[in-house]
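Visitor: A single structure is presented below for examination.
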Amino acid sequence: MTEAIRYLLIGLTATFGVVAGSLFVVKAIRRRLRGRLRRRKNRFIDMIGELVVRGEWNARVFKRYASDPMFREVMLEYLRMIAGADRQHLVEVTRGMGMVSEYTGELRGGDRNERVRAAEALAEIADPETLPDLVFALADSVPEVRIQAAAALANIGEGRAVKSLLVALDKQDEGSAQRLADALYGFGSAAVEESARYLTGSGKYRPLVARTLGLIGDIQAEDALIQALDSTDQALRIRAAAALGRAGTPRSVPYLLELLGDDQWEVRAQAATAVGRRMDQRGVPWLKRALSDGAWWVRHNAAASLVEIPGGREALRLALDHPDPYARDAAAAVLLSSGMAGDAMGDLTSDDPLVRNPAMDLVMKLIRAGKGAFFVNEGMPPEMVRQLHHGGQTVR
Amino acid sequence: MVDSLIRWINYLVLIYVILMELQILVVAVASFIALRRDQFSQRHGRIRDLATSDTTPPISIIIPAYNEEAGIVESVRSTAMLHYPRLEIIVVNDGSTDLTVQRLVEAFDMVPIDFPIRPAIDTREIRRIYKSRLPLPLVLVDKENGGKSDAINAGINVSQYPYFMATDADMIIETDALIHAARHFIEDRARTVAVGGNVRPLNGSKVRSGSVSEVDLPRRPIEMVQIVEYVRSFLAARPGWSAMRSLLIVSGAFGIFQKRAVTEVGGFRNDHLGEDMEMTMRLHRHFLKLKQPYRIVYAPDAVAWTEVPTEWRILKKQRIRWHRGLIQVIWQYKGMILNPRYRQVGLVAWPAFVAFEFVAPMVEFLGWLIVPVSVALGYVSLSIAVPLALIALLLGSINSVTSLFLDDRFGYFNKAGQTLKLLFYSVVENLGPRQRSVWWRVRAMFWNSSKKVWGDMQRAGVGNLSVATGTSQIESGEVVITASSN
C-alpha cells in the first residue's frame, strides 16, 4: 500500500511538472513567435504594398514567396482592401502564383481544416473561375465550409450561382440556412429573379428568402411577395409583409391593408408597420380601425404607423376622442413617445392662439386619456394638470 | 477495531478525493474537445457577419438594479456600446433607496410613458415606466422592492423581444459577446432555450470607456485565487457539461434565455439564493418531463467581466450564500437524482454535482479532522498521511493547471511573470484558500440567517472605481481595478 502511494505520488508530481512546464513553454513560444510573425507580416505588407503602388504585377517576389502561408495571408488581406483594376491584377497574380488552383483542389479534396481555409481564401479572391468549385462546396458536410462558400459566391456576385444557392438552401439546417440567406443578400439585384421564383414554390426557407428580398429592396420581387401574402405559412406572410414595407410600391398597399384583417395578430401587427413604411395616405382609415384591434401590438404598430403617414397625425389626435378606450390609449401612448405631446406642451405658452389652442386641446385630451403623469414630470404644476383634467378622473 | 475503522475512514476520504479530482479531469477533457470544436466555428463561421445581419435574433438586456447610483449610468452606456443589430436595454430599479432612478432619468433624458405590459409572471407592483427620448433603446422600470429575481421577472414582462439576457449592473460585457452567444440561437432556434456566457474576474485589468482595454492579473492573493477558480469553473467544467447536454448553471451574471421557455416555467423564483442554477434546473426538468427537445448551452467566447471580492469577509459571505443556494436547489430537485426520466441530467450530471459539490466539503472537512487525529493517536503513520495529503494537493493543482491550458485560447497572461504567478496560485490555492472555502461551505449547511435577495458585495461601479475605492489608480484615463469592494 505504502509503495503504491509512493508511486502514485511520483506519477502525479511528474504529471504536474509536465503540465505546468508545457504551459510555460507554450506561452513562451507564443510570446516569441507572435513578435517574429508580426515582424514578418509587416515586411510582407510593405513589400506587396509597394508592388501594388508601382503596378509591378510580374515581380519575381510573387513567385518567390508563393508557398509562404504568411505571404498568402497578406495577399488575401490586400484583396479584401483594394478594389478596381488593382484588385483585378492582384487576382491574376494569385492565379499566376498557383494559389487559386491549389485552393480549389483543397476545397474538393482536403481535410476539414483545409477545405474551410480554402473556402475562406476563395471568398477573398472572388475569382469567377472558381464558381463551379464553390457551388460544389455548398454540399460540403461541414457547415462552416458551406457558409464560406456561399459568402465567396456572394462576393463574386454572378447571378448564375443564385439558383445553386437556393437549391442548397433547402438542404441546410436552420443556422446554416440563415447564413446562406444572408449571402443571398450579397448578390443584390442579381438574386431577385431566382429568389422570387423560389418564393412562389414550396421551398423550406421561403420566409428567409422573403426577408432577403425585402432587404435587397428591388421592386421586381413585388409580385412574388404579394403572392406570398396569401400563403398559409404565417412566418411567410409576416416576412412578406415586412419585405413589402421596405421594397413595395403603391401597388402593394391594398394587399397590405387587406392583411390587417388576417386571423393571426402577429401578421396584422407586421402589416400595420408595413403600411406605415409605405407612407401611403390610403392606409389612414384602415390604421384608424386597427387602433381598436384586440391585440396590443397591432394597436401600437397602427398608431406608430399613423405618425409616419401624411394626415395620420391628425387622425391620431382625433383618435383621442375614440369611443374605444384601447384606441384612445394606443393613440395617446404614441403621441407621447413621438414627441408630439412634448411639443404641444411647449406651445401652451405661445402668444398665437392658432398655435396655443390646438396645443391646449391636445394636452387636455392626453391628460384625460390618463397621461397626466407625463406632463407633471415635464414640469407642469400638478394643480394645472388637475384643472385641465376637467372630467374628475385622477391623474395617473 | 477502532484502529481499523479510522484507517478505513482515512482510505475512504482519499478515494473520494481521488474520484472527485478524476471526475474534474474527465470533464476537463470533455471541455477541451468541446472548446476545440467551438473554436473551429468561431474562426471559420463568419460569426462577425452576424453583427450586421437581419437574421440575428433581437435581445432584451435586463439589468436589475438596487442602489446602483454609483455606476448605473456607466453600466447602461457600456451596454449600449455592444455590437449587436437589435437590442433593448431594460433597467429595472428594484425599489432603490438611493438616486438610481434620478441618475438614469437625467443622463438619458427619460420620460414616464404609459407602457402596456403583458404580465406573464407575477411581480411586485410597477410604479412607473420611463423611456429615453435619446436615440437609445432604453427603458427604465421603477418597481417596488422585491428582490433580484422579482426585478428580472418584471423586466421579462416589459421586454419586447423573444430572448432576454439577465445581467448585473456592474458587469462589463465584451462588445461582441452577444454575437457569440446569439450564434447558438441562430444555429438551432427551435431547441435552444438558454445560453450561458463566460464570466471572468475584472480585478487587475484596465478599464477604459466602459470596456476592458488591457487584461492583467491582480496583486492580492485573494483575487488571484478567484482568477484560478473562475477559469476552472468556466473553462474546465462548463464546456464539457454543455457538450454532454448537462449544463446545470447558466450564470445569472451573463445568461441569455428564450423568453417563452422562462415564462412557461413561471419565471425566476424569488425565494432562492441561487436563482440562476434553480432556473437552469427548472428548465431541464420541464423539458425532460415533457420529453420536448431542448438545448442549454455554454458559449465560452461570450465574455463578460465582473469584480470579485477583495476581502475575505466579503468572499466568505458570497461563498456561504452560494452554497446555501446550492443546498436549496439540491433539496428542491432531489427527485431528479438517478431518475432515468431525466436522462443524462438525472443519471450523470446531477448526481455528480451532488456527490462532488454538496458532499465534498463534508468529506474534506472530515479528512482534515480524522487524518491529524489518526496520526496523533498512531493509527496512521506520518509516512502515509503526508503522501496522502500531497496526492490531494497535486490532483487539485493538476486540475487548475489544466484549466489554465484551456484558457490559453484567449491569449491572455502570456508574460513569463504572469504565467509563473498563475502556476504558483494553482498550487497555493490548495494550501489554505481551499480549506477556508470548505469550512465556509460546511458552515453554510448550518447557517440560517434571514433571506437575502440582493448580494452583500458593494461595488463602486464601472465608471467610478477610482473615486469609490480609494485604492484604484488612474493612469492616463484608465482605471486599474485593484480594490473595488468594501
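Visitor: If you go through region A:73-84 one residue at a time, do you hit one that is farther than 30 Å from B:Gly411 by Cα, out of contact with any strand residue (DSSP E or B) (no Cβ under 8 Å at 6 or more places or on another chain), within 14 Å of another protein chain (Cβ to nearest Cβ) and of a type outside the set (Lys, Arg)?
Guide: Within region A:73-84 (the criterion being farther than 30 Å from B:Gly411 by Cα, out of contact with any strand residue (DSSP E or B) (no Cβ under 8 Å at 6 or more places or on another chain), within 14 Å of another protein chain (Cβ to nearest Cβ) and of a type outside the set (Lys, Arg)), the answer is no, since none of the residues qualifies.
Visitor: To continue, here is another question. Would region A:141-150 turn up any residue that is more than 23 Å from the chain's Cα centre (by Cα), within 10 Å of chain B (Cβ to nearest Cβ) and part of a loop (DSSP other than H, G, I, E, B)?
Guide: yes
Visitor: Name the one entry in A:Ala295, A:Ala327 that is of a type in the set (A, V, I, L, M), at pLDDT below 95, over 24 Å from A:Pro358 (Cβ atoms) and surrounded by fewer than 24 Cβ atoms within 10 Å (Cβ to Cβ).
Guide: A:Ala295
Visitor: For region B:273-290, check the following and say yes or no: at least one residue is within 18 Å of B:Met165 (Cβ to Cβ), in contact with an Asp or Glu (Cβ under 7 Å, 6 or more places away or on another chain) and of a type outside the set (Asp, Glu).
Guide: No: zero hits.
Visitor: Please go through region B:43-93 and pick out each residue that is among the acidic types (Asp, Glu) and under 21 Å from the mean Cα position of the chain (by Cα).
Guide: Correct list: B:Glu68 only.
Visitor: To continue, here is another question. Test B:Val375 against the criterion of being out of contact with any Cys (no Cβ under 7 Å at 6 or more places or on another chain) and surrounded by fewer than 19 Cβ atoms within 10 Å (Cβ to Cβ), and give yes or no.
Guide: So B:Val375 fits the description; yes.
Visitor: Condition (residue is aliphatic (A, V, I, L, M), in contact with a strand residue (DSSP E or B) (Cβ under 9 Å, 6 or more places away or on another chain) and more than 14 Å from chain A (Cβ to nearest Cβ)) applied to region B:45-58: is it met by at least one residue?
Guide: Among the residues of region B:45-58, not one is aliphatic (A, V, I, L, M), in contact with a strand residue (DSSP E or B) (Cβ under 9 Å, 6 or more places away or on another chain) and more than 14 Å from chain A (Cβ to nearest Cβ), which makes the answer no.
Visitor: Run A:Ala14 past the list (1) farther than 26 Å from B:Gln418 by Cβ; (2) loosely packed, with under 12 Cβ neighbours inside 10 Å; (3) not charged (D, E, K, R) and report the number of the one that doesn't hold.
Guide: All conditions pass for A:Ala14, except number (1).
Visitor: Something else: Go through region A:345-386 and report how many residues are closer than 27 Å to A:Asn301 by Cα, within 14 Å of another protein chain (Cβ to nearest Cβ) and of a type in the set (A, V, I, L, M, F, W, C).
Guide: 8
Visitor: Let me ask you something else. Within region A:312-362, considering only helices (runs of 4 or more DSSP H) that don't extend past its boundaries, which have at least 1 residues that are within 28 Å of A:Gly294 (Cβ to Cβ) and touching a strand residue (DSSP E or B) at 6+ places or on another chain (Cβ under 7 Å)?
Guide: Once the helices (runs of 4 or more DSSP H) in region A:312-362 are filtered for at least 1 residues that are within 28 Å of A:Gly294 (Cβ to Cβ) and touching a strand residue (DSSP E or B) at 6+ places or on another chain (Cβ under 7 Å), what remains is A:325-337.
Visitor: Collect the residues in region B:407-423 that are assigned to a helix (DSSP H, G or I) and at the interface with another protein chain (Cβ under 10 Å from one of its Cβ atoms), keeping them in residue-number order.
Guide: Result: B:Asp407, B:Asp408, B:Ala416, B:Gln418, B:Thr419, B:Leu420, B:Leu422, B:Leu423.
Let's see how each residue does on (1) in contact with a helix residue (DSSP H, G or I) (Cβ under 6 Å, 6 or more places away or on another chain); (2) within 26 Å of A:Tyr103 (Cα to Cα):
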| site | (1), (2) |
| --- | --- |
| A:Val26 | no, no |
| A:Arg40 | yes, yes |
| A:Glu50 | no, yes |
| A:Trp57 | yes, yes |
| A:Phe62 | yes, yes |
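Visitor: List every residue pair whose Cβ atoms sit under 9 Å apart, with the two residues 6 or more apart in sequence or on different chains, where the first one lies in region A:1-26 and is farther than 19 Å from B:Leu14 by Cα and the second, anywhere, is buried (at least 16 other Cβ atoms within 10 Å of the Cβ) and among the charged types (D, E, K, R).
Guide: So the pair list comes out as A:Leu23/B:Asp408; A:Val26/B:Asp408.
Visitor: Scan region B:390-441 residue by residue and report those that are under 23 Å from B:Leu14 (Cα atoms) and β-branched (Val, Ile, Thr).
Guide: Matches in region B:390-441: B:Ile391, B:Ile398, B:Val401, B:Thr402, B:Val427, B:Val428, B:Val438.
Visitor: Now for a separate question. Any residue in region B:283-291 that is part of a loop (DSSP other than H, G, I, E, B) and surrounded by fewer than 21 Cβ atoms within 10 Å (Cβ to Cβ)?
Guide: Yes.
Visitor: Tally the residues that are within 14 Å of chain A (Cβ to nearest Cβ), among the hydrophobic types (A, V, I, L, M, F, W, C) and part of a helix (DSSP H, G or I), restricting the search to region B:168-215.
Guide: Of the residues in region B:168-215, 5 are within 14 Å of chain A (Cβ to nearest Cβ), among the hydrophobic types (A, V, I, L, M, F, W, C) and part of a helix (DSSP H, G or I).
Visitor: Sticking with this one: For region A:8-25, enumerate the residues that are of a type in the set (A, V, I, L, M, F, W, C) and either at positive phi or within 7 Å of chain B (Cβ to nearest Cβ) (or both).
Guide: Within region A:8-25, A:Leu8, A:Leu9, A:Leu12, A:Phe16, A:Val19, A:Ala20, A:Leu23, A:Phe24 meet the criteria.
Visitor: Counting only residues that are outside any loop (DSSP other than H, G, I, E, B) and crowded, with 18+ Cβ neighbours inside 10 Å, how many does region B:81-112 have?
Guide: 16
Listed here are the residues, each with its yes/no results for (1) buried (at least 24 other Cβ atoms within 10 Å of the Cβ); (2) over 19 Å from A:Leu213 (Cα atoms).
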{"residue": "A:Ala137", "(1), (2)": "yes, yes"}
{"residue": "A:Val142", "(1), (2)": "no, yes"}
{"residue": "A:Ala149", "(1), (2)": "yes, yes"}
{"residue": "A:Glu158", "(1), (2)": "no, no"}
{"residue": "A:Ala168", "(1), (2)": "no, no"}
{"residue": "A:Ser176", "(1), (2)": "no, no"}
{"residue": "A:Ala181", "(1), (2)": "yes, no"}
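Visitor: Mind checking which pairs have a first residue in region B:263-277 that is in contact (Cβ under 8 Å) with a residue 24 or more places away in the chain and on the phi > 0 side of the Ramachandran plot and a second that is in a loop (DSSP other than H, G, I, E, B) and among the hydrophobic types (A, V, I, L, M, F, W, C), Cβ under 8 Å, 6 or more apart or different chains?
Guide: B:Gly266/B:Ile121; B:Gly267/B:Ala120; B:Gly267/B:Ile121
Visitor: Can you say whether A:Ile5 is assigned to a helix (DSSP H, G or I), within 30 Å of B:Pro387 (Cα to Cα) and within 13 Å of another protein chain (Cβ to nearest Cβ), as far as the supplied structure shows?
Guide: yes
Visitor: Hey, B:Glu364 hits all of (1) within 29 Å of B:Asp407 (Cβ to Cβ); (2) modelled with pLDDT of 90 or more but one; which does it fall short on?
Guide: (2)
Visitor: Taking B:Leu404 and the conditions (1) more than 10 Å from every other protein chain (Cβ to nearest Cβ); (2) touching a residue at least 60 places away in the same chain (Cβ under 8 Å); (3) of a type outside the set (Gly, Ala, Ser), which numbered condition does it fall short on, given that it satisfies the others?
Guide: (1)
Visitor: Go over the candidates A:Arg282, A:Arg313, A:Arg277 one by one and state the one that is under 15 Å from A:Ser337 (Cα atoms) and either in contact with a helix residue (DSSP H, G or I) (Cβ under 7 Å, 6 or more places away or on another chain) or buried (at least 17 other Cβ atoms within 10 Å of the Cβ) (or both).
Guide: Checking each option against the conditions leaves just A:Arg313.
The values are calculated or read from the model by the stated rules, or taken from the named source; none is laboratory data. Quick caveat: nothing in here was measured; it's all calculated off a predicted structure. As a convention, Cβ positions derive from the backbone with ideal geometry for all residues, glycine included, and neighbour counts pool all protein chains shown.
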